[in-house]
1. Quick one: 43, 74, fewest Cβ neighbours within 10 Å first, how do they rank?
2. Per 0.36 nm of contour for each residue apart, how much would the distance between residue 73 and residue 61 grow if the chain were fully extended, relative to their Cα-Cα spacing?
3. On a full-extension model of 0.36 nm per residue, what is the gain between residue 51 and residue 114, subtracting their alpha-carbon distance, rounded to one decimal in nm?
4. Given a cut-off of under 8 Å on Cα pairs at least six residues apart, what relative contact order in percent is computed for segment 61-206?
5. What ranking do 54, 244 get, fewest neighbouring Cβ atoms within 10 angstrom at the top?
């Protein structure tokens, strides 16, 4: 027995023992690599998942979680693009200003968006973790701001409220600002957009009221709200040229316009008196609401971030409330094949 023990711990047998240990260690390394190595592309779950060419999109129309479960080895391959739209603002009553569209922020690191000045060239580097998703609700009718939408380090600010004829008269800032109300005989400025400031801007200013007859238009992602002209004030247009981000087969999101699908449009201003023009104040492209003569205002469209249309006075019926804002949307996009 002693000789056998010596043979196992010395001489030629020592080499054999080391060889066995080496084989055992090598087996463990191979086993670890098979279960935890890098993946060819980003792997993730969460939201409504669809594809467009070589890209995968996770679409969130409400709260959820974007859960990254696998990552490539190269840092440059761990980048995702984002499309983050906040809820539009609610508008004011009785000749109120149109509400501002929700903040609009989008990245273009994948080169999917053609000629959009609203796009940030840098996306977000993700890690293997769960990212909470917050999709902002639209502001309630009669001057309530929209809620923020949040993904990772990106926050789009809810749209600003439109001013009301009675209280509060002043429009509020936001992703895009609300329009001024017909509170007095002078000009009441619109609310400030791109608040807090981002680069590129997440929204524009609301339009001023320059008449006692109607409120100014709410600001949109790509255009300021229009000032009152007689009894009319249109909302500012929202974003544009986002067809390439979503892909040509997903036209159910946003509002179709001449340059693509639009989001974050401003609401049209409301009419104060029943004896002025019954023409409707138009909304900005991107789901903004509008005021139909002296009737009830129209709210922003769901999942566009459009601002609500300003409320009218409506004569004997008394003041009508402004329209509510449309809820926002978040889309995350990355290469998957």
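Readers should treat all values here as calculations from the given coordinates under stated rules, not as data from a laboratory. Given the structure is predicted, the values throughout are model-derived calculations rather than measurements. Virtual Cβ from ideal backbone geometry, glycine too; neighbours counted across all protein chains shown.
1. Exposure proxy ranking, most exposed first: 74, 43.
2. Gain on stretching residue 73 to residue 61: 1.2 nm.
3. Between residue 51 and residue 114, full extension yields 20.8 nm more.
4. It rounds to 27 percent for segment 61-206.
5. Exposure proxy ranking, most exposed first: 54, 244.
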